[in-house]
Amino acid sequence: MLIRNSWHRAIAIALAAVLALSLWVSAGTAFASPAELRNGGFEEPAAGGIIPGWTTFIAPKGSSVTYEITDERAHSGSYSLKITDKDGADGVSIWSQAMDIVPGENYTGSVWMYIEGSSFMHNGASVPNRGSFIMRFYNEAGQQVGSDTDALIHHTGQSKWVKLTTKSLQAPSDAKTVRLMASLSNFYQTSGAFYDDFEIEGVFPGETAPAARSLSISGPAAATVKENYSVNLAAMGASSLYAVETILSYDPAQFQYVSVQAAESFHGGEEVYAEARELAPGRLKVIVTQLGERAVSGDSEVAIVQFQPLAASASAKIELEPFAIAAKQDADETGVSTVFQEGMTLAVTVKAHAGDVDDNGRVDLADLIIVAQAVGSPASGAYARFDLNGDGKIDFADMAMISRLLVEGDTE
């Protein structure tokens, strides 16, 4: 939703100037960082069977379920937490020390986890090798508030360290503390699940919430020459976010800027201002700001920037430059904004034809067969490129796109 009213434009331009100026006022910037979770890396040794900073939430009933600090594996440092569960009727949960939080603010929990293989043999049968990670909020009486939806992550072994991260979750109004858990329920078993480097990100008592914890860009892995390509600009862990200023860079021989609009989750049906201006060939400044009293919190898309690919390439890219700026609703009073020191790169494969899924430079019967064999598969990971019409699924409509190109002879 682009506002063209000159009065609104004047407000937005003035705010943009304040944002640009704030880039150079480092004393007035705010950053989000992980909180100090005691013994989140398990480098403090256990004493008398007690792991410093951790206690048992659900204790194992038998000897087939164990937990310990070990030096067998570690993501960082020398130690990690190892849980073994070879009893389908038993389980265990170890939880961290409670940390005070601010009701209404957003929090993200994470852990690095290693499980050897997706299954293991037990009593002559193959058993899925799994573990779980949970973040929970508690009230002043120590009772859980909120649900485990989006806070519980199940993981199956991949024989490598994998970072598990919850969504950014808003603490309920009656929440007092937050805890992280390593958990094996009665439904899961493991020959050895290793947990290391637990972290909680958010705003804690005495801290000031940043306008957002991070900004990112995303888009489809593949694009087609002369067909518009959408780049989504998003804010994670926003707190009263009011305005964002970023610079996107790209090869001007590869992409041409088309348009920008505020994302629905950012404008919420209200009037906002969104504009993009080319600073130089291949460098686009994007400014999006609210108008009036509205602001957004949590994870939110901010803007959608449209580009048109100009030439086929296996290694095209669009970059979010460092030093993007986000401002809260009260930035005009506090003079504080959030500056992001790091950027990111969005890699894109640009095809001459969307139907060339095997990347041999033409659309042929082999492409139709490849997509046909992928029908019904999730449109993610390696299969994402088979979702030719971008509707989030691989189905006969995608096959029809290739068939039409073959019939029309538009294959080169």
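So, A175, is that one farther than 27 Å from F120 by Cβ, outside the structural domain of Y242 (by TED's automatic domain parsing) and of a type outside the set (S, T, Y) or not? Spelling it out, A175 is indeed farther than 27 Å from F120 by Cβ, outside the structural domain of Y242 (by TED's automatic domain parsing) and of a type outside the set (S, T, Y). Scanning the stretch 195-208 for residues that are surrounded by 19 or more Cβ atoms within 10 Å (Cβ to Cβ) and either over 21 Å from the mean Cα position of the chain (by Cα) or part of a strand (DSSP E or B) (or both) returns Y195, D196, D197, F198, E199, I200, E201. Scanning the stretch 303-347 for residues that are over 19 Å from E278 (Cβ atoms), among the aliphatic types (A, V, I, L, M) and crowded, with 18+ Cβ neighbours inside 10 Å returns A312, A326, A327, A331, V336, V339.
Checking the stated criteria, A295 turns out to be farther than 25 Å from F386 by Cβ and touching a Ser or Thr at 6+ places or on another chain (Cβ under 7 Å). Looking at A211, is it of a type in the set (G, A, S), touching a Lys or Arg at 6+ places or on another chain (Cβ under 7 Å), part of a loop (DSSP other than H, G, I, E, B) and surrounded by 16 or more Cβ atoms within 10 Å (Cβ to Cβ)? When the stated conditions are applied, A211 passes them. Of the residues making up the stretch 261-272, those that are in a strand (DSSP E or B) and buried (at least 23 other Cβ atoms within 10 Å of the Cβ) number 2. Selection of the stretch 282-308 for residues being assigned to a strand (DSSP E or B) and over 16 Å from I217 (Cβ atoms) yields T289, Q290, V296, S297, G298, Q308.
Within the stretch 39-61, can you find the residues that are in contact with a Gly (Cβ under 9 Å, 6 or more places away or on another chain), surrounded by 14 or more Cβ atoms within 10 Å (Cβ to Cβ) and in a loop (DSSP other than H, G, I, E, B)? N39, G40, G41, F42, E43, E44, G53, P60 - these are the residues of the stretch 39-61 that are in contact with a Gly (Cβ under 9 Å, 6 or more places away or on another chain), surrounded by 14 or more Cβ atoms within 10 Å (Cβ to Cβ) and in a loop (DSSP other than H, G, I, E, B). Specify the residue that is modelled with the lowest pLDDT; the eligible residues are those in the stretch 375-412 that are hydrophobic (A, V, I, L, M, F, W, C) and within 26 Å of the chain's Cα centre (by Cα). Filtering first and then ranking leaves A382. The strands (runs of 3 or more DSSP E) found entirely in the stretch 62-161 that carry 2 or more residues being within 25 Å of the chain's Cα centre (by Cα) are 92-96, 106-115, 130-138, 152-156. Being at negative phi, surrounded by fewer than 18 Cβ atoms within 10 Å (Cβ to Cβ) and charged (D, E, K, R), is that true of even one residue in the stretch 224-236? Yes: one or more hits. Entry remark, the stretch 167-194: residues being more than 25 Å from V296 (Cα to Cα) and outside any loop (DSSP other than H, G, I, E, B) number 12 in total. Evaluated against (1) surrounded by fewer than 20 Cβ atoms within 10 Å (Cβ to Cβ); (2) under 19 Å from W54 (Cα atoms); (3) of a type in the set (A, V, I, L, M, F, W, C), A125 falls short on exactly one condition, (2). Restricting the first member to the stretch 273-291 and to residues that are of a type in the set (D, E) and surrounded by fewer than 22 Cβ atoms within 10 Å (Cβ to Cβ), and the second to residues that are in a strand (DSSP E or B) and at pLDDT 95 or above, the beta-carbon pairs closer than 7 Å and six or more apart or on different chains are E275/V260; E275/I287; E278/Y257; E278/L284.
Any residue at all in the stretch 138-147 that's surrounded by fewer than 21 Cβ atoms within 10 Å (Cβ to Cβ), among the aliphatic types (A, V, I, L, M) and modelled with pLDDT under 90? Scanning the stretch 138-147 turns up no residue that is surrounded by fewer than 21 Cβ atoms within 10 Å (Cβ to Cβ), among the aliphatic types (A, V, I, L, M) and modelled with pLDDT under 90. The criterion of at least 1 residues that are touching a His at 6+ places or on another chain (Cβ under 7 Å) is met by the following helices (runs of 4 or more DSSP H) wholly inside the stretch 313-411: 396-408.
Might you let me know whether the stretch 352-366 holds any residue that is within 30 Å of E245 (Cα to Cα) and either within 24 Å of the chain's Cα centre (by Cα) or not hydroxyl-bearing (S, T, Y) (or both)? The answer is no; no qualifying residue exists.
The values are calculated or read from the model by the stated rules, or taken from the named source; none is laboratory data. Just so it is clear, the structure is predicted and the values come from calculations on it, not from any experiment. Cβ sites come from the backbone with ideal geometry, for glycine too, and all protein chains shown count toward neighbours.
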